[in-house]
1. Output the residues belonging to the stretch 95-114 that are over 24 Å from residue 198 (Cα atoms) and surrounded by 15 or more Cβ atoms within 10 Å (Cβ to Cβ).
2. Quick one: in the stretch 67-94, of everything that is surrounded by 15 or more Cβ atoms within 10 Å (Cβ to Cβ) and in a loop (DSSP other than H, G, I, E, B), which residue is modelled with the lowest pLDDT?
3. Would you tally the residues in the stretch 100-116 being under 14 Å from the mean Cα position of the chain (by Cα) and assigned to a strand (DSSP E or B)?
4. Got a number for residues in the stretch 117-148 being crowded, with 17+ Cβ neighbours inside 10 Å, of a type outside the set (Val, Ile, Thr), in a loop (DSSP other than H, G, I, E, B) and within 18 Å of the chain's Cα centre (by Cα)?
5. Tell me, which helices (runs of 4 or more DSSP H) lie completely within the stretch 158-214 with 3 or more residues that are under 12 Å from the mean Cα position of the chain (by Cα), in the same structural domain as residue 143 (by TED's automatic domain parsing) and under 23 Å from residue 118 (Cβ atoms)?
6. In the stretch 83-116, how many are more than 17 Å from residue 138 (Cβ to Cβ) and of a type in the set (Asp, Glu)?
7. Count, please, the residues in the stretch 96-155 that happen to be free of Cβ contacts under 8 Å to residues at least 60 places away in the same chain, of a type in the set (S, T, N, Q) and under 21 Å from residue 202 (Cα atoms).
8. Output the qualifying pairs, or none if there are none: Cβ atoms under 6 angstrom, residues six or more apart or on different chains, first residue in the stretch 71-89 and over 17 Å from residue 108 (Cβ atoms), second residue surrounded by fewer than 16 Cβ atoms within 10 Å (Cβ to Cβ).
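The values are calculated or read from the model by the stated rules, or taken from the named source; none is laboratory data. What you see is a predicted model; the values in this text were computed from it and never measured. Methodologically, a virtual Cβ is constructed for each residue, glycine included, from the backbone with ideal geometry; neighbour enumeration extends over all protein chains shown.
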Amino acid sequence: MLCKSCFIPPLTPELFAPLRLPFASRHLPSSRLARLVPGIHGANFADGWVADICFGPHNYGMDALSPKPFKEAARRAFPSSMTSLANEAASELSPFVDDTYRQRSDAIDVTGQMIAIPRRLHFPDLSAASDTLSNLNPASRCLITRATDGRLRQQAVRSVIGHQNAWVAPFVLLLLGEYVIEIVEDVRDALPVLDQSVYANLIRENRQTVQRLRARATSYWDAYHRQQYPQKRDYPGLQALHEMETWAA
């Protein structure tokens, strides 16, 4: 049960793109939550998360961001120039995915084209302990970075982070808002091998997404990692975002 001081009335979901903050932040009064997350407009409390924070309207059709059958969601997660590879990924992963598990997608601008990356995909028949991932195409492994299983996400991002393609970069960037610190550290540690021009363009085209990721990373640092990283600037997710933003300056 949330105290009244924690409640922030919800806004119309059709107008806004949500950001989720961790359960540990639920005890924050709305005034502190507003300071923690600049630009906050509203929140809905549910399912072990403090809020769906709304940052403002996207220029992407909300129907495209709504839950979709897996094959359609997979195709929408890549630019149209990658349709063939996206279709291959959808076919490769269909035997492993739970298509009844549906979540909304996040809109990302990739070289001037809007794509919609699912927030989470559930692969109950795919194991991080198997060799299956190594036999999948890169687009399939990008989609697995959205898996509900953190071990799968980590294995997948390690396998694609060296690919210098603009359509891979959004999947890597979104992981900086992860709550699994080991995944965030992997992305931070890989900064020297990333194509700076690719990520600079991605940052410039998606300032609002970066703002959301920074707010989310700040929330996780505040809730779980203050002891390990007393200085906020040393938190790996914030370090990586700051570095990428310097590339885009």
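1. Here is the first cut: in the stretch 95-114, the residues over 24 Å from residue 198 (Cα atoms) are 95-104.
Listed by number, the residues that qualify are 96, 97, 101, 102, 103, 104.
2. Going residue by residue through the stretch 67-94, those that are surrounded by 15 or more Cβ atoms within 10 Å (Cβ to Cβ) are 68, 70-71, 73-79, 82, 85-90, 92-93.
Pick out the ones that are also in a loop (DSSP other than H, G, I, E, B) and you get 68, 77-79.
Details: 68: 81, 77: 96, 78: 97, 79: 96.
Selected residue: 68.
3. Our first condition is that a residue be under 14 Å from the mean Cα position of the chain (by Cα); within the stretch 100-116, this holds for 103-109, 115-116.
Subsequent filtering for residues that are assigned to a strand (DSSP E or B) retains 105-109, 115-116.
Number satisfying all stated conditions: 7.
4. Total satisfying the criteria: 3.
5. Values: elements: 169-174, 181-189, 196-205.
The qualifying helices (runs of 4 or more DSSP H) are 169-174.
6. 4
7. 4
8. Within 6 Å, the pairs are 88/137.
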